[in-house]
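Undergrad: I'd like to ask you about the structure that follows.
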Amino acid sequence: MEVLNYPIADLFMNLVRESTDEIKLCSPFIKESIINEIYDNINCNISLNVLTKFNIANFYKKISDISALDKILFNNHQVFNHSALHAKFYVFDNSNAIITSANLTFSGLNRNYEYGILINDPNSISQISNDFDQLCKSDQSGNINQDNIVEIQKILKDIPNFERIDIPKYEISCENEDNIFNEDIEFIVDKLSGWKKTVFEKLNQIEGQIFELKDVYLFENEIQRIYPNNQNIKPKIRQTLQFLRDLGLIKFEGSGFYRKLWEN
């Protein structure tokens with residue numbers, strides 16, 4: 001084990017180049033420049049799985065890049081969304097793992113003072129790799145596909161550019177746990193359709209940021225009138241909540257509780 005109390009960009013990319021079988025990346029925030037560098041160094045035919053936080057506010061504020069995830073999917077690799085993700089760890093084959101405070105951003109790998117460890121113990125690496133797999137399969141996670149990317153890109157296209165305020169000698173980071181979309185939600189509603197639009201609009205009628213599944217079920221009769229031929233309203237509501245989670249619009253808190261990721 002080695003303590004990592006220095007920028008890990010060179011170490012990280014060396015491990016990418018040395019990997020021949022599988023790389024697993026867990027990072028809430030991911031920037032396109034880092035993904036581009038990974039693909040400049042990665043071996044062909046390697047398996048790459050990425051676990052991140054798919055959050056529209058993070059994409060809008062450019063904390064994380066939707067284009068980075070688009071490139072991963074374009075290269076036939078997998079992206080998973082975990083709505084409560086805060087961990088950062090990276091597994092390279094069965095040989096090395098990094099546990100760190102650093103996101104897959106330029107600042108995280110090159111500039112910030114981050115702290116972590118490099119592990120090469122096979123048993124520990126096996127446990128970390130298994131934990132990654134279990135996170136990807138958990139109830140709070142979803143498999144991101146190209147349709148999710150396209151839907152978010154359509155929404156972001158029409159929203160006015162987010163203006164970041166630069167204060168001399170200070171760097172302001174918006175990398176908080178639950179970034180909230182605080183622009184006009186009509187930009188979102190206009191790009192949704194069908195069940196996603198219906199359920200999203202009902203969620204917006206619920207006061208506050210936190211809601212329970214039973215709160216959504218209160219709209220069952222209203223939704224039934226919209227879809228009179230559907231005899232499985234509650235299961236369809238639950239499925240649609242999963243779709244909205246995988247668009248980064250809600251977060252599963254567990255035990256039947258959810259959080260809206262837009263300003264209500």
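The values are calculated or read from the model by the stated rules, or taken from the named source; none is laboratory data. This structure is a prediction, so every number in the text was calculated from the model and none was measured. Positions of Cβ are backbone-derived with ideal geometry, glycine not excepted, and every protein chain shown enters the neighbour counts. Just so you know, the surface numbers come from the protein's heavy atoms only, side chains and all, with ligands and any DNA or RNA stripped out. Shrake-Rupley method; radii C 1.70, N 1.55, O 1.52, S 1.80 Å.
Undergrad: Give all pairs with beta carbons closer than 6 Å in which a residue from the range 210-238 that is farther than 13 Å from residue 198 by Cβ meets a residue that is assigned to a loop (DSSP other than H, G, I, E, B); count only pairs at least 6 apart in sequence or on separate chains.
TA: 212/256; 213/256; 215/206
Undergrad: Say we look at the range 71-81 and pick out the residues that are in a strand (DSSP E or B) and open to solvent by less than 20 Å² (accessible area, probe 1.4 Å); which of these is nearest to residue 245 (Cα to Cα)?
TA: Applying the filter and picking the extreme gives 81.
Undergrad: Moving on to the next point. Across the range 1-41, which residue is nearest to residue 85 (Cα to Cα) among those that are β-branched (Val, Ile, Thr) and surrounded by 18 or more Cβ atoms within 10 Å (Cβ to Cβ)?
TA: Ranking the qualifying residues of the range 1-41, first place goes to 30.
Undergrad: When residues of the range 47-99 are filtered for being β-branched (Val, Ile, Thr) and out of contact with any strand residue (DSSP E or B) (no Cβ under 6 Å at 6 or more places or on another chain), how many remain?
TA: So the count comes out to 2.
Undergrad: Of all residues in the range 42-70 being under 17 Å from residue 103 (Cβ atoms), assigned to a helix (DSSP H, G or I) and not aliphatic (A, V, I, L, M), which is most open to solvent (accessible area, probe 1.4 Å)?
TA: Among those that are under 17 Å from residue 103 (Cβ atoms), assigned to a helix (DSSP H, G or I) and not aliphatic (A, V, I, L, M), it is 67.
Undergrad: Would you pick out the residues in the range 90-125 that are aromatic (Phe, Trp, Tyr) and not in a strand (DSSP E or B)?
TA: Once the filter is applied, which keeps residues that are aromatic (Phe, Trp, Tyr) and not in a strand (DSSP E or B), the range 90-125 yields 106, 113, 115.
Undergrad: Okay, moving on. If you go through the range 222-237 one residue at a time, do you hit one that is of a type in the set (Phe, Trp, Tyr) and closer than 15 Å to residue 81 by Cα?
TA: no
Undergrad: Scan the range 145-171 and report the pairs whose first residue is closer than 18 Å to residue 54 by Cβ and assigned to a loop (DSSP other than H, G, I, E, B) and whose second residue is open to solvent by 100 Å² or more (accessible area, probe 1.4 Å) and at pLDDT 85 or above, with Cβ atoms within less than 7 Å and a gap of 6+ or a chain change.
TA: Hits for this filter: 162/62.
Undergrad: Output yes when any residue across the range 78-89 is farther than 30 Å from residue 188 by Cβ and in contact (Cβ under 8 Å) with a residue 24 or more places away in the chain, and no when none is.
TA: yes
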